[in-house]
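Reading through the structure tokens given below for one structure.
Computed from the coordinates by the stated procedures, all read-outs in this text should not be read as laboratory data. Quantities reported herein were computed from a predicted structural model and do not represent experimental measurements. A quick note on method: Cβ atoms are made from the backbone with ideal geometry, for glycine too, and the neighbour counts reach across all protein chains shown.
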Amino acid sequence: MNQFSSLGSYPAVRLRRNRADDWTRRLVAENTLSTDDLIWPIFIKEGPGHRESVQSMPGQVRVSLKELIDHAGRAVDLGIPAIALFPATSPERKDGEGSEATNPENLICTAARLLKSTYPKLGLIGDVALDPYTDHGHDGVLRNGLVANDESLVVLAQQAVIQAQAGIDTLAPSDMMDGRIGALRTALDLAGLTDIRLMSYAAKYASGFYGPFRDALGSSGALKGDKRTYQMDPANSDEALREVALDLHEGADMVMVKPGMPYLDVIHRVKTRFGVPTFAYQVSGEYSMIKGAIDNRWLDPDKVILESLMAFKRAGCSGILTYFAIEAAERLKRG
Ligand code: PBG
């Protein structure tokens, strides 16, 4: 006897019947993946009109502002709802305090103004954290060698407000300071920006899978130490639920779990417990693993790209940040 005994047993029951042909499989499918589920992270760079490939992320590029319109246009043409912008800041603009983060003329704000005037309906997600701007590579400011929580909040709130003023409609704080959702929400409200959405990186783990991203932004060489005093321990998942509860309480509209595939259990727990819009970030290292194997012909792209994304839908995600967004949307269109 098991929990399914009342549903009958073989030979009356044969589960293969519902798998027998394509139309039946489509009818009984429990989850669907569509282009509406995709968010495409894009790396932007300063300087003149060309693109640079990111060595550890085959197929991904850093684009200049000049190329950005064409680049983002691919997402618009395919019907991808939103892109997430990540700036590769020149080393000469980085300092200990991450001051470039609060410059309204910085790369991400300039990009946001340009994109919003060209594609008013494309969702723009802005990263809130100081690591693209600090010479030590940490997500907050350092005091006595430690990332100082409350002092970082002040800078992060300013960073959030200037991005929103530049046209970013959803702010995604990835810094993992305590209280940051509340600090951002208060600052946005005071600035009259009450409709800006907050997509919180609520459960962000101290993960090795971010390596290629740090190469893409040029922050890997800069990073002193690691981020384990603020990002979560991979051993924990009850703690992820507390993080999510706090962020929702402080005014987050959507929550995210990051990385994705190694943390599907966390996604499932979050969705089951809170029932709020839950997102996953299929991070750079996940992309590079799959893409590297595809490029070596060890995996078949026609099978694994959409399968890896469907896993997130099955776990309970509303959507996925993925570097495969364009390829996935093209595949979904072809059917
Ligand atoms: C930093 C940030 C990171 C990513 C998004 N925002 C890296 C980090 O925390 O060091 C990782 C994304 C990826 O690996 O694709 N605030």
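List of remarks:
- Calculated [222 nm] ellipticity per residue, helices only, for the chain: -12000 deg cm²/dmol; basis is -39500 (n - 2.57) per DSSP H run with n ≥ 4, divided by all residues, nearest 500.
- Average Cα contact separation per residue, the stretch 52-191, under 8 Å, 6 or more apart, as relative contact order %: 23
- Pairs with C-alpha atoms separated by more than 31 Å, drawn from the list Lys94/Lys116; Lys66/Lys291; Lys94/Lys303; Lys116/Lys224, are Lys94/Lys303; Lys116/Lys224.
- Sparse-neighbour loop sites [trypsin sites (Lys or Arg not before Pro); the stretch 247-335; at most 11 other C-beta within 10 Å; DSSP]: Arg297
- Counting only chymotrypsin sites (Phe, Trp or Tyr not before Pro) that DSSP places in a loop and that have at most 11 other Cβ atoms within 10 Å, the longest clean stretch of the chain runs over 5-297.
- The alpha carbon centroids of the stretch 45-99 and the stretch 201-276 are separated by 23 Å.
- Magnitude of the charge dipole, the chain, Cβ model with Lys/Arg +1 and Asp/Glu -1, debye to 20: 1320
- Three-way shape label, the stretch 90-196, alpha-carbon gyration tensor, a/c 1.5: oblate
- Gyration tensor (alpha-carbon) shape descriptor, the stretch 132-176, a/c threshold 1.5: prolate
- Across Lys204/Lys271; Lys45/Lys121; Lys258/Lys333, pairs whose alpha-carbon gap is larger than 25 Å: Lys258/Lys333
- With q set to 0.15 Å⁻¹, the log10 of I(q)/I(0) for the stretch 31-334, from the Debye formula over equal scatterers at the Cα positions, is -1.23.
- Shown here for the stretch 1-83: GluC sites (Glu not before Pro) in loop regions (DSSP other than H, G, I, E, B) with at most 11 other Cβ atoms within 10 Å, namely Glu30.
- The 3J(HN,Hα) values that the Karplus relation (6.51, -1.76, 1.60; θ = phi - 60°) gives for the stretch 244-258 are, in residue order, 5, 4, 5, 5, 5, 4, 7, x, 6, 8, 9, 10, 10, 10, 8 Hz. Gly and Pro appear as x.
- Charge context of Pro58, other residues only, Cβ under 10 angstrom, K/R +1, D/E -1: 0
- When you filter the trypsin sites (Lys or Arg not before Pro) in the stretch 1-89 for DSSP loop state and at most 16 other Cβ atoms inside 10 Å of their Cβ, you are left with Arg14.
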